[in-house]
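See below for the structure under consideration.
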Amino acid sequence: MRGVLREGSPVASKYEFIDEMRLDTVEYAYSVEYMCNRLDVSRSGYYEWRGRPESATAQRRDELKLLIKKAFEDSDGTYGYRRIHAQLHRWGHAAGLELVRRIMRELGLEPCQPKPKRFGLTKGTTGPVPDLVGRNFTADAPGRKLVGDIT
């Protein structure tokens, strides 16, 4: 709700701020009348705004939120906004790439790509490795004891 007190901010954003800070929803909040006076909006306008039906854009965004959640869950949380956008297009729902990205951010959907499988060239041994040298690294002649350290 940044920018509510800034000059030229839309009235709808002020009404949203008042709606979030009403006395009956938040402890230690101000009354609607007090906030309307401070934000320089009419109280009757606020109550009229609350009673309005949801706009077509808001309804479309709610529908997109459901579709994006479904596509994200179907992918086991691995699809990012580009793949979700392509999935929506395959389902026949037009939405911009940035809109999909913004809605995913609002919903807190972060894709997680699985780590690729790594294959090793050697087989691991089970149990402790035997100490064939017996911790004695001295030799009688060159080339008799060959040891190495990979650390």
Among (1) loosely packed, with under 13 Cβ neighbours inside 10 Å; (2) touching a residue at least 12 places away in the same chain (Cβ under 8 Å) - the single one Gly124 does not satisfy: (2)
Residues located in region 73-112, provided they are in contact with a Phe, Trp or Tyr (Cβ under 8 Å, 6 or more places away or on another chain) and open to solvent by less than 40 Å² (accessible area, probe 1.4 Å): Ile84, Gln87, Val100, Met104, Leu109
Cβ-Cβ under 6 Å pairs, at least 6 apart or on other chains, region 39-56 side in contact (Cβ under 8 Å) with a residue 24 or more places away in the chain, far side of a type outside the set (Gly, Ala, Ser) and surrounded by 12 or more Cβ atoms within 10 Å (Cβ to Cβ): Leu39/Lys14; Val41/Val11; Val41/Lys14; Tyr46/Tyr15; Tyr46/Ile18; Tyr46/Cys36; Trp49/Tyr15
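The values are calculated or read from the model by the stated rules, or taken from the named source; none is laboratory data. Nothing here was measured: the structure is a model prediction, and the numbers come from that model. Positions of Cβ are backbone-derived with ideal geometry, glycine not excepted, and every protein chain shown enters the neighbour counts. When the accessible area is computed, the model is the full protein with side chains, heavy atoms only, and any ligands, DNA or RNA have been set aside. Shrake-Rupley method; radii C 1.70, N 1.55, O 1.52, S 1.80 Å.
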